[in-house]
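The values are calculated or read from the model by the stated rules, or taken from the named source; none is laboratory data. These numbers were taken from a predicted model, which means no experiment stands behind them. All Cβ positions, even for glycine, are placed from backbone atoms using ideal geometry, and neighbour counts span all protein chains on display.
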Amino acid sequence: MRRFGGALLALLILVAAACSESRPAVKPLVLGAIYPLSGPQAPGGHDELAGLRAALRLAQATGALGSRQVQLRVIDATTPAQAVAAVDRLIDEDHVALIFGTYGSTLAEPAAARADQRKTIYWETGAVSDGVTRNRHYVFRTVATGDNLGRMAVDFTRSVLVPAAGLQPASTRSVIISVDDVYGRSVGDGEAARAAALGMPVVDRIVYNASAFDAGQVADRLAADRADYLWDVSYIDDGVAIWKAVVERNVPLRAAVGTSSAFCTPDFGKRLGAAAVGVFAADKPDDQVSPGALSPDGRSLLAQARAVYASQNSGSSMSIPAVAGFIGGWAVFHEVFPRVADEVTPDKLRVAALQVNVPAGDAINGGGIAFNTGNLADVGQNRLAAAVVGQWQAVGQMKVVWPAAYANAQPISH
């Protein structure tokens, strides 16, 4: 079936290319894309953009775009100021109606705010900070929020790890380590709130500056806290440094659960090797979730997405950011654009986006797409976004272990 699917997709792409050659020239519709393509977040930024490009290619090949010729105008941004300047440049020079971005929360919040101020659609494909969509009219996000991921880490600890250890929630000691920015605060606040609701004491909350911190001091403070469980919210460089310090000092923990920008990334496993084995991470799913989490339509779309992505990326599989980029792009190209007649404007796109209803299981990671509406503060947030917990179960190998519907392995206790 996979060979047949790949052959069919290749045929569709050839037919689309042949048809496009015979059509009269049409002025392309330019859309913006802002991602960190240099600096420490570049690996995730490149993967998320690659997923977005795969969605565009598949939409072109399958005719989802109709007669529209869509082009992406991509800008590299690594600082909040650069992200804001990129929004202005895309609007002023390219007259875009929609901007995709940005993988990183510190980029997404200012970019989303600026786009909303200028009444242009900002479509977040990866960043999780809760403030991205808050009180903004023209901002949409297809992935889970930081609050969702934080609560997922705590729920997993309470539902799986605590019973496995034979403990009562009230007798446990948990510590939150989080970077001091919008990403760290969103996830950390979600963890703190959920732990309080479940009666799990958080005995310390260690907040650090990613540009100036001592990993050893962080690990020593964690050891002094006599923690059972660590919930970590870090970026890759600081996350690796902190976990190395924890391991080197033999800090006794029952388990550690990280979140999206460090503990679940391929670089975390590569750089730490055996030291990463046993660590958990809450994040968006990649393309390896259990087939049972997908509907027949979801499984079919996943096969096509994998084929296109591999053809554009030297045979690579789809990472978590790549899947997130694809889902965000496919939502626009396959669900929003067909609902917009004639000229594409931000207001028409907004109305169309609020009508999207992709059932859970139809997205390629087992989630769905339906945006909040009404008078909620986070109108534009996808309420069907998927989130999972994975575990490094061998060197360089992460498996999804929870929730059960998404799992492709059982959690291993150490």
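Taking the criterion of being without any contact (Cβ under 8 Å) to a residue 24 or more places away in the chain and under 23 Å from Leu301 (Cβ atoms), would at least one residue in region 43-63 satisfy it?
The answer is yes; a qualifying residue exists.
Is it the case that region 244-257 has a residue that's of a type in the set (Gly, Ala, Ser), modelled with pLDDT of 95 or more, in contact with a Gly (Cβ under 9 Å, 6 or more places away or on another chain) and more than 23 Å from Gly146 (Cβ to Cβ)?
yes
Among (1) at pLDDT 95 or above; (2) over 19 Å from Val336 (Cβ atoms); (3) not in a helix (DSSP H, G or I), where does Lys27 come up short?
Here Lys27 meets the rest and fails (1).
Among the residues of region 150-184, count how many are farther than 30 Å from Ala212 by Cβ and of a type in the set (Lys, Arg).
Adding up the residues that qualify gives 1.
Of the conditions (1) buried (at least 18 other Cβ atoms within 10 Å of the Cβ); (2) polar (S, T, N, Q); (3) in a loop (DSSP other than H, G, I, E, B), Gln304 fails just one. Which one is it?
Condition not satisfied by Gln304: (3).
Out of the residues in region 85-115 that are without any contact (Cβ under 8 Å) to a residue 24 or more places away in the chain and within 15 Å of Ala33 (Cβ to Cβ), which is surrounded by the most Cβ atoms within 10 Å (Cβ to Cβ)?
By that ranking, first place goes to Ala85.
Step by step: first the residues of region 177-231, then only those that are of a type in the set (Val, Ile, Thr) and within 19 Å of Val247 (Cβ to Cβ), then the one that is nearest to the chain's Cα centre (by Cα). Which residue is that?
Ile177
For Thr133, are the conditions met, namely being buried (at least 23 other Cβ atoms within 10 Å of the Cβ), of a type in the set (Ser, Thr, Tyr) and more than 26 Å from Val175 (Cβ to Cβ)?
Judged against the criteria, Thr133 is a match.
Of everything in region 285-301, what is within 19 Å of the chain's Cα centre (by Cα) and either in a helix (DSSP H, G or I) or farther than 22 Å from Ala405 by Cα (or both)? Give them in sequence order.
Ala293, Gly298, Leu301 - these are the residues of region 285-301 that are within 19 Å of the chain's Cα centre (by Cα) and either in a helix (DSSP H, G or I) or farther than 22 Å from Ala405 by Cα (or both).
Filter region 166-184 down to the residues that are surrounded by fewer than 23 Cβ atoms within 10 Å (Cβ to Cβ), in contact (Cβ under 8 Å) with a residue 12 or more places away in the chain, of a type outside the set (A, V, I, L, M) and not in a loop (DSSP other than H, G, I, E, B) and list them by number.
Pro169 - this is the single residue of region 166-184 that is surrounded by fewer than 23 Cβ atoms within 10 Å (Cβ to Cβ), in contact (Cβ under 8 Å) with a residue 12 or more places away in the chain, of a type outside the set (A, V, I, L, M) and not in a loop (DSSP other than H, G, I, E, B).
What residue, of Glu124, Glu93, is modelled with pLDDT of 95 or more, more than 26 Å from Arg383 (Cβ to Cβ) and among the charged types (D, E, K, R)?
Every option except Glu93 fails the conditions.
Just a yes or no: is a residue in region 64-72 surrounded by fewer than 21 Cβ atoms within 10 Å (Cβ to Cβ), in contact with a Pro (Cβ under 6 Å, 6 or more places away or on another chain) and either closer than 23 Å to Val389 by Cα or not hydrophobic (A, V, I, L, M, F, W, C) (or both)?
yes
Can you name every residue in region 207-225 that is touching a residue at least 24 places away in the same chain (Cβ under 8 Å), part of a helix (DSSP H, G or I) and not β-branched (Val, Ile, Thr)?
Selection gives Ala215, Gly216, Ala219, Asp220, Leu222, Ala223.
Does region 342-353 hold any residues that are within 26 Å of the chain's Cα centre (by Cα) and surrounded by fewer than 17 Cβ atoms within 10 Å (Cβ to Cβ), and which are they?
Selection gives Asp347, Val351.
Out of Phe268, Phe333, Phe337, report the one residue that is within 17 Å of the chain's Cα centre (by Cα), in a helix (DSSP H, G or I) and of a type outside the set (Gly, Ala, Ser).
Phe268
For region 116-128, what are the residues that are over 23 Å from Thr145 (Cβ atoms) and either free of Cβ contacts under 8 Å to residues at least 60 places away in the same chain or surrounded by 24 or more Cβ atoms within 10 Å (Cβ to Cβ) (or both)?
Result: Arg118, single match.
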